[in-house]
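Below is one structure; the comments refer to it alone.
Throughout, read-outs are computed from the coordinates displayed, never taken from laboratory work. Every value quoted in this text rests on a predicted model; they were computed, and no experiment measured them. All Cβ positions, even for glycine, are placed from backbone atoms using ideal geometry, and neighbour counts span all protein chains on display.
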């Protein structure tokens with residue numbers, strides 16, 4: 001997917017929220033959706049199972065209006081976190097302009113985080129994408145949980161953020177950190193606009 | 001209304017909440033009319049809209065003194081409009097605003113329900129945008145939220161760039177207050193300004209009010225205010241809300257999405273290459289105007305800005321203007337042509353020109369051949385047969401054999417007749433479908449001069465260019481006439497390249513035409529140059545027979561033979577002679593006989609009646625001798641002849 005379509009004068013950013021199951025990717029999208037004013041609200045598509053787990057993926061289109069002559073649209077996707085939805089994850093990842101890795105800050109979820117993070121890199125590599133070239137932001141979600149249950153962002157950084165990408169502590173359920181994450185990944189993605197065509 | 005000179009960019013504090021608005025305002029101030037047009041700034045009251053508008057006005061006027069800037073609040077605009085209408089000067093009002101280069105209108109929200117103002121404004125915006133003049137407007141709400149406003153006006157307002165100014169964040173508030181203190185020459189105890197900055201005011205004006213209160217308190221009380229006193233001093237201000245105090249829970253901001261949007265907008269504005277943004281805006285504008293923009297869209301495919309992209313944008317605008325002019329001209333000739341799609345595609349300018357040419361040419365075709373000159377009526381002999389054969393070939397295959405055909409010869413040998421005959425044959429041969437322009441060079445030139453006077457040269461040119469064949473008589477007249485030659489040169493090329501037939505007549509061959517430009521000469525010579533000579537004896541006889549037959553007089557063979565012997569330079573002379581003889585016969589009241597002719601034409605010879613040359617000799621002479629001088633026409637009498645033989 002091309003980020004800037006000069007012919008139709010559209011900027012379309014596809015941002016994928018990646019991460020292990022139950023880390024809060026859909027919650028991020030729900031919070032964002034809740035903040036969008038009525039007149040700009042697209043339809044959030046959520047394909048969830050009865051137990052509210054993401055079955056296929058969530059899709060949230062954000063119409064940001066016309067900016068500098070370009071109709072700007074953001075498309076936010078989540079992937080199903082469960083290990084067995086590998087194919088869907090690959091599919092959703094295709095053409096992503098940026099990736100938000102939502103990690104579960106709970107100490108007992110560390111292994112899942114690492115596994116999912118490796119899975120992300122493997123999937124990107126499989127699509128012939130250099131993971132270092134893709135804009136990436138990490139969000140350490142559930143930082144609102146009691147201290148003894150979670151790891152601090154610094155500890156999580158040691159385990160996951162070996163590339164030193166921007167990272168944010170968050171409480172996706174109540175909002176803190178959600179927009180900071182979105183803003184950061186958006187700016188990273190847009191920054192690539194001014195870089196030479198790949 | 002004057003722009004407040006204190007409203008400048010350099011004293012406008014820029015923070016995240018107004019960064020986009022300031023960037024847009026600066027861009028507009030630096031090149032009015034070229035970027036965001038119209039620029040619509042909205043925010044709640046007291047956040048700096050008026051300051052920004054003033055800054056644009058001041059910046060423009062300080063960089064270009066000749067630019068006409070008008071700053072007006074909508075209320076004033078309405079008032080002026082009403083006053084103008086009441087005093088019958090509505091037209092002057094319109095004219096006044098149409099001269100403005102940069103129009104700044106404040107408080108657009110008061111448009112609500114004012115239909116006539118909306119209409120006037122819509123018209124004004126159209127006119128200004130169309131001519132690339134800048135409009136900046138401000139309001140306390142976005143265009144779509146101004147109630148009861150014409151939908152067309154809303155789309156106009158929204159067509160440029162809409163930016164909002166948010167409430168300043170903590171850092172911006174501090175910066176604003178520090179700047180104010182500096183301006184006022186006031187020094188506060190360290191921490192006072194920061195303490196004030198922690199209070200959330202709805203707008204900068206309230207913030208300034210609070211700051212004024214502190215300043216007043218400090219100056220009047222004569223005591224330095226301490227940070228901890230700030231709340232006490234301001235305590236009873238109703239708008240003061242305490243925020244960001246230590247320990248207060250982080251409440252999610254109500255307008256998180258809005259602030260995200262502002263940040264993204266500035267990121268996009270920063271990262272989309274500005275030239276592409278300009279091109280994209282131009283595309284949006286021209287598409288809105290109903291023009292095809294494929295040319296500009298291709299420009300957007302380029303990865304690097306082409307060196308001449310600005311020229312291309314300007315050129316595109318110019319082409320559109322040209323198309324508009326063409327369309328208007330075409331519509332004047334034929335109303336059905338208005339809105340034709342070739343007038344909407346700058347890449348089909350040539351097609352549009354051709355369409356207009358056709359329309360114009362169809363409206364007034366160039367002069368055609370004279371029906372009086374027919375091919376049947378043209379007598380052929382050895383003196384003109386080459387030219388006639390070439391003419392017949394042309395008629396059989398116009399444009400394919402000899403184009404141009406250049407016929408030269410002395411005056412009155414039938415060039416004009418042949419030229420018109422070719423024209424008539426071309427028209428008849430095609431069943432009238434061929435448009436033949438047949439004109440003398442003199443008329444061609446007179447028409448050009450008239451067209452130059454009336455400014456309709458293009459229409460005139462189009463008439464000739466649309467012809468299927470161009471026949472010009474007496475082309476020697478263009479020699480020395482530069483402009484006519486130039487036009488003829490272009491018409492020649494246009495027709496020749498399309499395989500159309502060209503025929504020229506002149507009294508001299510091209511190489512002998514002094515003052516004829518080489519480019520025309522070489523073109524004339526590039527076809528077939530043929531000469532028509534003075535009529536020979538055979539032709540003279542035929543012509544005399546024909547012209548006398550047309551009168552009441554029946555010419556006898558002797559008379560015909562006598563007349564044919566006489567050298568005649570031209571057909572015209574033959575006709576003249578016939579007229580003279582007929583008149584003489586009429587005067588004498590006798591039929592036209594050899595004697596009458598002799599008496600009229602050779603009065604001195606007719607006295608001594610010499611024997612006529614025997615017809616056999618004459619016939620023989622015509623058959624065997626090509627040179628008249630070698631023939632003995634006048635035989636001596638029988639006795640002299642015998643003496644000769646005896647000798």
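Peptides B:536-548, B:17-29 ranked from most to least packed by the mean count of surrounding Cβ atoms within 10 Å: B:17-29, B:536-548. Top mean-square fluctuation among A:67, A:129, A:138, Gaussian network model of chain A, C-alpha springs under 10 Å? Judging by the Gaussian network model, the answer is A:67. Across chain B, the relative contact order, built from alpha-carbon pairs under 8 Å that are at least six residues apart, equals 9 percent.
The stretch between residue B:521 and residue B:590 holds 19.5 nm of extra length on full extension. This uses 0.36 nm per residue minus the Cα-Cα distance.
Highest average first, the peptides B:406-414, B:333-341 ordered by how many other beta carbon atoms sit within 10 Å of their residues are B:406-414, B:333-341. Take the Cβ atoms of residue B:493 and residue B:452, set R0 to 30 Å, and the FRET efficiency comes out at 0.90. All Cα-Cα separations within segment B:431-559 were binned at 10 Å from zero, giving a P(r) of 11, 35, 25, 16, 11, 2, 0, each value a whole percent of the pairs.
Average partner chain C-beta neighbours within 10 Å, per residue of B:276-287? Mean partner-chain Cβ count within 10 Å for B:276-287: 4.
From the Kirkwood radius over Cα pairs of segment B:296-374, Stokes-Einstein at 25 °C and 0.890 mPa s returns a whole-number translational diffusion coefficient of 165 µm²/s. Calculated over chain B, the projected area of the Cα convex hull averaged across directions stands at 49.3 nm².
Residues of segment B:144-167 falling in the label zone of residue B:4, defined by backbone nitrogen less than 20 Å from a point 7 Å along Cα to beta-carbon, are B:164-167. Spin-label model, residue A:41/residue A:173: points 7 Å from Cα along the beta carbon direction are separated by 2.3 nm. Our summary of shape: the Cα atoms of segment B:108-213 have principal axis extents of 55, 28, 19 Å, ordered from largest down, in whole angstrom. Think of it as helices only: each DSSP H run of n ≥ 4 in chain B is worth -39500 (n - 2.57), and spread over all residues that comes to -16500 deg cm²/dmol at 222 nm.
Shielding by partners for peptide B:257-263, expressed as the average number of C-beta atoms from other protein chains within 10 Å of each residue's C-beta, is 6. If R0 is 25 Å, what FRET efficiency do you get for residue B:31 and residue B:295 from their C-beta distance, rounded to 0.05? Given R0 = 25 Å and the Cβ-Cβ separation, E is 0.65.
Debye-formula intensities of chain A, expressed as log10 I(q)/I(0) at q = 0.17 Å⁻¹, are -1.16 (one equal scatterer per alpha-carbon, no solvent). The ratio of the alpha-carbon radius of gyration of the protein assembly as shown to the globular-protein estimate 2.2 N^0.38 Å is 1.64. Largest first, the extents of the alpha carbon coordinates of segment B:343-427 on the three principal axes equal 58, 25, 23 Å.
Counts of other chain beta carbons within 10 angstrom of each beta carbon in peptide B:158-164 average 2. Scoring B:63-74, B:561-572 by mean Cβ neighbours within 10 Å over their residues and listing the highest first yields B:561-572, B:63-74. Over every Cα atom in segment A:92-198, the radius of gyration and the widest Cα-Cα span, Dmax, amount to 14.3, 47 Å.
Give me the distance in nm between label points sitting 7 Å out from Cα along the Cα-to-Cβ direction at residue B:91 and residue B:75, one decimal. My value for the distance between the label points is 3.3 nm. Dividing the C-alpha radius of gyration of segment B:447-498 by 2.2 N^0.38 Å, with N its residue count, gives 1.11.
I'd like the distance separating the alpha-carbon centroids of segment B:413-455 and segment B:457-493, in whole Å. Each part reduced to its Cα centre gives a spacing of 10 Å. The calculated FRET efficiency for residue B:443 paired with residue B:602, based on their beta-carbon distance and R0 = 51 Å, is about 0.80. Taking label points 7 Å from Cα along the Cα-to-Cβ direction, residue A:121 and residue B:397 give a separation of 8.0 nm. Helix A:110-126 and the longest principal axis of the Cα set of chain A meet at an angle near 30°. Using just the C-alpha positions of segment B:366-522 as equal point scatterers, what log10 of I(q)/I(0) does the Debye formula give at each q in 0.12, 0.14 1/Å? Computed log10 I(q)/I(0) values: -0.47, -0.65. Computed from the C-alpha gyration tensor, the three semi-axes of the ellipsoid equivalent to segment B:16-135 are 25, 17, 12 Å, from longest to shortest.
Over the Cα atoms of segment B:179-223, the radius of gyration divided by the Kirkwood radius equals 0.94; this is the Rg/Rh ratio.
The alpha carbon centroids of segment A:25-39 and segment A:121-198 are separated by 18 Å. With all pairs of different C-alpha atoms in the average, the Kirkwood value for the hydrodynamic radius of segment B:260-328 is 13.3 Å.
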